[in-house]
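Engineer: First the structure, then my questions, so here it is.
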Amino acid sequence: MQAWRRRFFLLLILVLFAGPLAAAATGLAEVRNDWRTASRDSAGIAPDPAAAPEAIIQVYGARAFGWRGAFAVHTWISAKPAGAPGYTVYQVVGWRYWQSGHAVSVQHDIPDRRWYGAMPELYLDLRGPRAEGLIGRIEAAVERYPYDGLYRTWPGPNSNTFTAFVARAVPELGLELPPTAVGKDYLGSATFAAPSPSGSGYQVSLFGLLGILAAVDEGLEINLLGLTFGLDPLDFAVKLPGLGRLPALNTATPDGLAEADTP
């Protein structure tokens, strides 16, 4: 029995850490050691407000800083009402919580900044009248976020818990977060069932450590110790810890851009 338990434990460790180790070894998650010199420049993804006067909502993610990037991304939301000269960025930042006791950050900022050197990936791009109608609801959801005074890198609440909370509060966004958004499945200490972040299905989760999700957009996901394994039959994709979604899929589909042409 002892030998069986050891073999099971070693197999579990291999299953959980093979993906993050591969992400680090292949450079998919670049380990950046000095945050003070890491780039925070624009990635050139977000439209210039002067050239795109319509309302815009975008959701980004980039590999977390340091060793955490082998496991997870940091996600954030940016929004610009029609005619606005710039974007507002909504996110949860760990160092902000550790300094002030408040995790939520709402700032007029560059929407597509590199996350301390890591190139952001666009998960959602919604424009036009539909986006205009959702910005106020995003702001209201940010105000209701229940964990401004609490932050935990793992299993949450963290930056991905925040983005998932806003997505559930505004299901019309149809936001599908990647499996590397560790913390997205944290539902709190008293809530064990909720809609999926995309709003197209449901999930159950025990403190963000063990759970299952079934949804049209996300497919089937299993959360084990905060790490996600899954299958997306509609897009013929698998989801693995550290490596993310294979094959990679930019979820900012043309459908999300079509609203820009709506009169």
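Engineer: Got a number for residues in the stretch 125-160 being closer than 21 Å to Tyr87 by Cα, of a type outside the set (Gly, Ala, Ser) and buried (at least 19 other Cβ atoms within 10 Å of the Cβ)?
Structural biologist: Number of matching residues: 8.
Each row is one residue, and each column tells you yes or no for (1) without any contact (Cβ under 8 Å) to a residue 12 or more places away in the chain; (2) closer than 23 Å to Glu30 by Cβ; (3) hydrophobic (A, V, I, L, M, F, W, C).
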residue	(1), (2), (3)
Ala84	no, no, yes
Arg96	yes, no, no
Val106	no, no, yes
Trp115	no, yes, yes
Glu121	no, yes, no
Leu124	no, no, yes
Arg127	no, no, no
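Engineer: So Ile110 clears everything in (1) in a loop (DSSP other than H, G, I, E, B); (2) touching a Phe, Trp or Tyr at 6+ places or on another chain (Cβ under 7 Å) except one condition, right? Which one?
Structural biologist: Condition not satisfied by Ile110: (2).
Engineer: Within the stretch 69-88, can one find any residue that is over 23 Å from Glu139 (Cβ atoms), part of a loop (DSSP other than H, G, I, E, B), touching a helix residue (DSSP H, G or I) at 6+ places or on another chain (Cβ under 7 Å) and not aliphatic (A, V, I, L, M)?
Structural biologist: Yes; the residues of the stretch 69-88 include at least one that is over 23 Å from Glu139 (Cβ atoms), part of a loop (DSSP other than H, G, I, E, B), touching a helix residue (DSSP H, G or I) at 6+ places or on another chain (Cβ under 7 Å) and not aliphatic (A, V, I, L, M).
Engineer: Looking only at the stretch 218-230, which residues are hydrophobic (A, V, I, L, M, F, W, C) and in a strand (DSSP E or B)? Quick ask: steps written out before the conclusion?
Structural biologist: Of the stretch 218-230, the ones hydrophobic (A, V, I, L, M, F, W, C) are 220, 222, 224-225, 227, 229.
Hits for the stretch 218-230 are Leu220, Ile222, Leu224, Leu227, Phe229.
Engineer: Given the criteria in contact with a strand residue (DSSP E or B) (Cβ under 8 Å, 6 or more places away or on another chain), of a type in the set (Gly, Ala, Ser), more than 19 Å from Glu121 (Cα to Cα) and at pLDDT 95 or above, does Ala260 qualify? Can you show your working first?
Structural biologist: Values: in contact with a strand residue (DSSP E or B) (Cβ under 8 Å, 6 or more places away or on another chain): yes; of a type in the set (Gly, Ala, Ser): yes; more than 19 Å from Glu121 (Cα to Cα): yes; at pLDDT 95 or above: no.
Taking the combined requirement at face value, the residue does not satisfy it.
Engineer: For the stretch 48-68: of the residues being among the charged types (D, E, K, R) and not in a strand (DSSP E or B), which is surrounded by the fewest Cβ atoms within 10 Å (Cβ to Cβ)?
Structural biologist: Of the stretch 48-68, the ones among the charged types (D, E, K, R) are 48, 54, 63, 68.
The next check asks that each one be not in a strand (DSSP E or B); those that pass are 48, 54, 68.
Values: Asp48: 8, Glu54: 19, Arg68: 19.
Looking at residues that are among the charged types (D, E, K, R) and not in a strand (DSSP E or B), I get Asp48.
Engineer: I need a count of the residues in the stretch 89-102 that are in a loop (DSSP other than H, G, I, E, B) and within 16 Å of the chain's Cα centre (by Cα). Spell out the reasoning first.
Structural biologist: Here is the first cut: in the stretch 89-102, the ones in a loop (DSSP other than H, G, I, E, B) are 93, 101-102.
Remaining after also requiring within 16 Å of the chain's Cα centre (by Cα): 93.
The number of residues fulfilling the criteria is 1.
Engineer: Something else about it: Pull out all pairs, ordered by first then second residue, where Cβ-Cβ is under 9 Å, the residues are six or more apart or on different chains, the first lies in the stretch 231-248 and is without any contact (Cβ under 8 Å) to a residue 40 or more places away in the chain and in a strand (DSSP E or B), and the second is basic (Lys, Arg) and surrounded by 14 or more Cβ atoms within 10 Å (Cβ to Cβ).
Structural biologist: Correct list of pairs: Leu231/Lys239; Asp232/Lys239; Asp232/Arg245; Ala237/Arg245; Val238/Arg245; Leu246/Lys239.
Engineer: Can you tell me which residue within the stretch 232-241, out of those that are under 22 Å from Gly69 (Cα atoms) and out of contact with any Ser or Thr (no Cβ under 7 Å at 6 or more places or on another chain), is surrounded by the most Cβ atoms within 10 Å (Cβ to Cβ)? Show your work before the answer.
Structural biologist: So the first thing to find is which residues in the stretch 232-241 are under 22 Å from Gly69 (Cα atoms), and the list is 237-241.
In the following step, the residues that additionally are out of contact with any Ser or Thr (no Cβ under 7 Å at 6 or more places or on another chain) were identified as 237-238, 240.
Working: Ala237: 17, Val238: 16, Leu240: 20.
Looking at the filtered set, the residue picked out is Leu240.
Engineer: Still on this structure, please answer the following. Looking at the stretch 27-45, is at least one residue of a type outside the set (A, V, I, L, M), surrounded by 14 or more Cβ atoms within 10 Å (Cβ to Cβ) and either part of a helix (DSSP H, G or I) or without any contact (Cβ under 8 Å) to a residue 60 or more places away in the chain (or both)?
Structural biologist: Looking for residues that are of a type outside the set (A, V, I, L, M), surrounded by 14 or more Cβ atoms within 10 Å (Cβ to Cβ) and either part of a helix (DSSP H, G or I) or without any contact (Cβ under 8 Å) to a residue 60 or more places away in the chain (or both), one finds none in the stretch 27-45, hence no.
The values are calculated or read from the model by the stated rules, or taken from the named source; none is laboratory data. What you see is a predicted model; the values in this text were computed from it and never measured. FYI the Cβ positions are ideal-geometry reconstructions off the backbone, even for glycines, and counts take in every protein chain you see.
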